[in-house]
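> Here it is, the structure, as structure tokens.
The values are calculated or read from the model by the stated rules, or taken from the named source; none is laboratory data. Quantities reported herein were computed from a predicted structural model and do not represent experimental measurements. As a convention, Cβ positions derive from the backbone with ideal geometry for all residues, glycine included, and neighbour counts pool all protein chains shown.
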Amino acid sequence: MYKSALMNLLAAICLSAVICAAASQETKAPLVSDWHATVRHFAKKHFKNPAWGYSHSERDYVLARSLAATDHVVIDDDVLFAAAYLHDIAAFAPWGGDEPPDHSDVGADVVGGILKDSGFPMGKLDAVRDAIRTHMYYRDPVGQEAIYLHDADALDWLGAIGVERIIALADPKGGDPDGPKVVKMLEDNLKNVPARVVSPAGRAMVAPREAELREFLKELRRESADYRNL
């Protein structure tokens, strides 16, 4: 009898522990998953551009995490996620879009309005702003999240993906940018971006992506009569 009672008591304790653990997860998980889902949905809905739209933001987030992991650097994923998915917000109306002073600065200024009601831990907003403000290759990032977003964004201008992004911007009706201007943009990226990657893991990725872009331009020049037939 005592053994049976003891077994029943232990079972009740175990069941209580399981229920408490589940309840604890239910109170914690939605806050994290909800704001991530909210931010991701916002970006997917509003950022539609073949060069700096939602897919670019997603690549930046994934690559930045990978670079930091390769360098064994601990980053705040809340900061990186929010900054990566929202860093180009000022490239789109109504947050920017029409030649703002610099979309990085405008984005840093407006991002708080997007995050404030999402469940994002707003005590980390300044770090998100810093990462957005310096995400372009010509800026100097400070802080781990800023560094790895900056490098991921720079690397996305190189390699095959860099070619795809720029070519996708060409006006099919011959407007701006046309074929020659697209080539000039690719050449400018090849010239200006590689030296601006700063992290060890990022630097290790520069050479192969640089080579891909260089080889593409070489073949394009050969097949287009030195770009005259673009």
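> Suppose the filter is closer than 26 Å to ASP34 by Cβ, in a helix (DSSP H, G or I) and either at pLDDT 95 or above or more than 16 Å from the chain's Cα centre (by Cα) (or both); does VAL111 pass it?
Here the answer is yes, as VAL111 does meet what is asked.
> Can you tell me which residue among LEU186, LEU220, LEU155 is crowded, with 20+ Cβ neighbours inside 10 Å and over 20 Å from the mean Cα position of the chain (by Cα)?
Going through LEU186, LEU220, LEU155 in turn, just one is crowded, with 20+ Cβ neighbours inside 10 Å and over 20 Å from the mean Cα position of the chain (by Cα): LEU186.
> Can you pull out every residue in segment 159-194 that is more than 15 Å from ALA211 (Cα to Cα) and of a type in the set (Val, Ile, Thr)?
ILE166, ILE167, VAL182, VAL183 - these are the residues of segment 159-194 that are more than 15 Å from ALA211 (Cα to Cα) and of a type in the set (Val, Ile, Thr).
> Right, next: Quick one: ARG129 ticks every box in (1) of a type in the set (Lys, Arg); (2) in contact (Cβ under 8 Å) with a residue 60 or more places away in the chain; (3) surrounded by 20 or more Cβ atoms within 10 Å (Cβ to Cβ) bar one, so which box is it?
Answer for ARG129: the failing condition is (2).
> Do the conditions hold for ASN192, that is, is it polar (S, T, N, Q) and under 30 Å from VAL74 (Cα atoms)?
So ASN192 fits the description; yes.
> Test GLY119 against the stated conditions and say whether it is in a helix (DSSP H, G or I), surrounded by fewer than 21 Cβ atoms within 10 Å (Cβ to Cβ), over 13 Å from the mean Cα position of the chain (by Cα) and of a type in the set (Gly, Ala, Ser).
No, not satisfied.
> Could you say which residue among ASP151, ASP78 is over 24 Å from VAL206 (Cα atoms) and not hydroxyl-bearing (Ser, Thr, Tyr)?
ASP78
> So, one more: If the requirement is being outside any helix (DSSP H, G or I) and either closer than 16 Å to LEU80 by Cβ or out of contact with any Lys or Arg (no Cβ under 7 Å at 6 or more places or on another chain) (or both), which of these qualifies: ALA127, ALA170, ALA160?
So the residue among ALA127, ALA170, ALA160 that is outside any helix (DSSP H, G or I) and either closer than 16 Å to LEU80 by Cβ or out of contact with any Lys or Arg (no Cβ under 7 Å at 6 or more places or on another chain) (or both) is ALA170.
> If ALA207 meets every condition in (1) of a type outside the set (Ser, Thr, Tyr); (2) more than 22 Å from PHE81 (Cα to Cα); (3) surrounded by 12 or more Cβ atoms within 10 Å (Cβ to Cβ) apart from one, which number is that one?
Going through the list (1) of a type outside the set (Ser, Thr, Tyr); (2) more than 22 Å from PHE81 (Cα to Cα); (3) surrounded by 12 or more Cβ atoms within 10 Å (Cβ to Cβ), ALA207 breaks only (3).
> Name the single residue, out of those in segment 62-86 being out of contact with any Asp or Glu (no Cβ under 7 Å at 6 or more places or on another chain) and of a type outside the set (A, V, I, L, M, F, W, C), that is nearest to PRO50 (Cα to Cα).
TYR85
> Here's another thing I want to ask about it. If you go through segment 186-211 one residue at a time, how many are touching a residue at least 12 places away in the same chain (Cβ under 8 Å) and either farther than 18 Å from LEU67 by Cβ or not in a helix (DSSP H, G or I) (or both)?
9
> Could you check VAL111 against (1) free of Cβ contacts under 8 Å to residues at least 60 places away in the same chain; (2) surrounded by fewer than 20 Cβ atoms within 10 Å (Cβ to Cβ); (3) more than 23 Å from ALA201 (Cα to Cα); (4) touching a Lys or Arg at 6+ places or on another chain (Cβ under 9 Å) and say which number it fails?
Failing condition for VAL111: (2).
> Answer with yes or no whether ARG139 is part of a loop (DSSP other than H, G, I, E, B), out of contact with any helix residue (DSSP H, G or I) (no Cβ under 6 Å at 6 or more places or on another chain) and within 27 Å of VAL73 (Cα to Cα).
When the stated conditions are applied, ARG139 passes them.
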